[in-house]
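One structure is given below, encoded as C-alpha cells.
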Amino acid sequence: MTAQGPYQRVILVHYHEIGLKGHNRSKFESRLLKNILGLTSGYPVVTVHKISGRLIVFLKEGCTSDDAHACASFIARIPGVARTSSGFKCPREMQDIDQAAIAALEEASPFQTFKVAARRAHTDFPIDSMTMNRDVGAVLCEAFPLARVKMKEMDVEVRIEVVQNAAFVYAFSLSGVGGLPVGSSGKLMCLLSSGIDSPVALWQMARRGAICHAVHFSGAPETSDASEFLVDDIAHVLEKTGCIASVYTVALGTYQRRIALECPPPLRVILYRRLMFKVAEQLARSCGAKALITGESLGQVASQTLDNLCCTDAAVAMPIFRPLIGTDKQEIITRAHELGTFAISTEDAPDCCTLFMPRSPETHAKIPQVEEAEQAFPEEEWVAELVDAATCKVYAQPR
C-alpha cells in the first residue's frame with residue numbers, strides 16, 4: 001500500500017535515556033544517528049536528521065507501508081532506541097495535517113477506538129494543541145464512521161508534532177530496546193560460548209553502549225569445531241544491530257586435557273575458567289577493551305557459586321561484568337528468544353565447557369587451594385601460546 005497524498009514517509013525515532021544527558025547529549029544523539037544510518041543499508045532509507053528530541057528517518061519515495069513498518073521494526077531493535085513511529089511529513093497546513101492523519105490512521109488498522117494527541121513545538125503556528133486535537137478528531141470520525149474516540153486505553157493514538165518548518169503525523173508505533181547507542185561507552189571483551197547465556201550477556205552490555213568484542217574457547221582438537229560455527233551464527237544475529245565487533249577463537253582442548261590429567265579432579269573446571277580469563281584479559285588489552293563480560297548467573301551451575309566466582313576473578317586484574325548475575329534461567333531464555341539466538345544456542349555442539357568434566361566438581365573452592373594446584377602448570381607460557389594462536393573474525397559495525 002502506498003502513501004495517501006503527496007507526503008513523504010518518515011520514521012520518528014524516540015529515545016529516553018539519551019534525553020536525560022546534559023552537555024554530552026548531542027554526542028549520544030550523533031552516535032545513534034550514525035548507527036541507524038550504518039545499519040539500515042538494506043532498507044529504503046534516504047537520510048537521518050536530528051530535530052528537537054527526536055531523530056527523523058526519511059524514506060525513499062514510493063516505498064509502501066509494509067516497507068516503512070518493517071524498517072521501523074528493525075530500527076526499534078537498535079540499542080538506544082526507545083520507540084519508533086512510522087508516519088508522514090507534511091506542510092504546516094490544517095488540510096494537509098488532516099489528510100496525513102487519515103493516511104496514518106488507515107495504516108494502523110484494525111482498530112475500533114482512537115484519540116488524537118497534537119503538540120506544537122513553536123507558537124508561531126496559530127492553532128493550539130487542544131484545537132488541533134478537536135478538529136483533526138472530527139475529520140477522522142467522518143473518515144472512519146465505525147470508529148469512536150476514546151481518551152484512555154484506546155486502540156490507536158494519532159500523534160501530530162508541529163515543528164518549525166513541517167508537521168509530522170503518525171499512528172503506527174513500536175517499543176524499542178532502549179539503552180544507549182553502541183559506541184558511546186567504550187570497549188569490552190565477552191567470553192562467548194554457543195550456549196544460551198553469554199550471547200544475552202553480550203547484548204545487555206551492547207545495550208549499555210559498549211562496543212563488544214568476544215572470545216570463544218572451543219574444545220578443539222579434543223572436540224569438533226561445531227561450536228565455532230554456532231558462535232559465528234550467533235555473531236551474525238548480533239551483528240545486524242551493531243552489537244558485536246569481532247570474535248576471537250581459541251582452541252583450548254589440549255590444555256584442558258593436561259589440566260584434567262594432572263590436577264585434583266574437583267578443581268578442573270575452576271582451573272579451566274582461570275586459564276580462559278587470563279587469555280581473555282590479554283586479548284582484551286590487545287583490542288583496547290577495559291573489562292570482561294561473562295554470562296554467569298549466581299548459583300546456576302557448580303562453577304558459578306560465590307566462592308568459585310571469587311576464585312576465577314582472582315586470576316585477572318581486569319574488571320569482570322556479569323549482567324545476568326541476578327537473573328534465573330527462564331528470564332535468560334525469554335531474552336534469548338527475543339534476541340533471536342535461542343534456536344542457535346540449543347543446537348547440540350560439544351565445546352570446552354563440557355570437556356573432561358569431573359563427577360563431583362568443587363562448589364566452594366578457596367583461592368590458596370586453587371593457586372597451589374595451578375602452580376603445577378606453566379600458565380604464563382600457555383597464555384602466550386593461546387593468545388598467539390587465536391584467530392579473529394571481524395563483523396560489520398557502523399562507524
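Things worth noting here:
- The DSSP beta bridges internal to the stretch 8-175 are antiparallel in roughly 75% of cases.
- Here P(r) over Cα pairs in 10 Å bins from 0, in percent was computed from the coordinates, and among [x] 5, 20, 26, 23, 16, 8, 2, 0; [y] 4, 14, 19, 18, 15, 12, 7, 5, 4, 2, 0; [z] 5, 21, 25, 18, 13, 10, 6, 2, 0 the match is [z].
- Comparing ALA284, ASN308, HIS337 along the charge dipole axis of the stretch 254-399, the residue lying farthest to the positive side is HIS337, per the Cβ-charge model.
- Cα shape, the stretch 155-196, gyration tensor, a/c 1.5 rule: oblate
- Cα gyration tensor shape of the stretch 325-399, rounded if a/c is under 1.5, else prolate or oblate by comparing a/b with b/c: oblate
- DSSP-defined antiparallel bridges as percent of all bridges, the chain, nearest 5: 60
- Lysine-lysine proximity count for the stretch 8-175, Cα under 15 Å, sequence distance 8 or more or distinct chains: 6
- Mean separation of Cα contacts under 8 Å, 6 or more apart, over the residue count of the chain: relative contact order %: 17
- Ranked by how many other beta carbons lie within 10 Å on average, peptides 107-119, 265-277 from highest: 265-277, 107-119
- Between ALA376 and ASP225, the distance separating the two model label sites (each 7 Å from Cα on the Cα→Cβ line) works out to 3.2 nm.
- Under 17 Å from a label point set 7 Å out along the Cα-to-Cβ vector of ARG148, the amide N atoms of the stretch 93-128 belong to 111-116.
- Out of every Cα-Cα pair that the stretch 187-394 contains, those further apart than 30 angstrom amount to 14 percent.
- Stretchable slack from THR47 to ASP135, in nm (0.36 nm times residue separation minus alpha-carbon distance): 28.5 nm
- Shape class of the stretch 247-324 from the Cα gyration tensor (axes a ≥ b ≥ c, square roots of the eigenvalues): oblate, since a/c reaches 1.5 or more and a/b does not exceed b/c.
- Whole-Hz couplings from phi, Karplus 6.51/-1.76/1.60, listed for the stretch 121-126; x for Gly and Pro: 7, 10, 6, 6, 7, x
- Scaled against the 2.2 N^0.38 Å expected of a compact globular protein of N residues, the Cα radius of gyration of the stretch 26-161 reads 1.12.
Since every read-out is calculated from the coordinates, none of them should be taken as a lab result. This one's a predicted model, so the numbers in the text were calculated from it and none came from an experiment. Because the Cβ atoms are built from the backbone with ideal geometry, glycine has one as well, and the counts that use them run over all protein chains shown.
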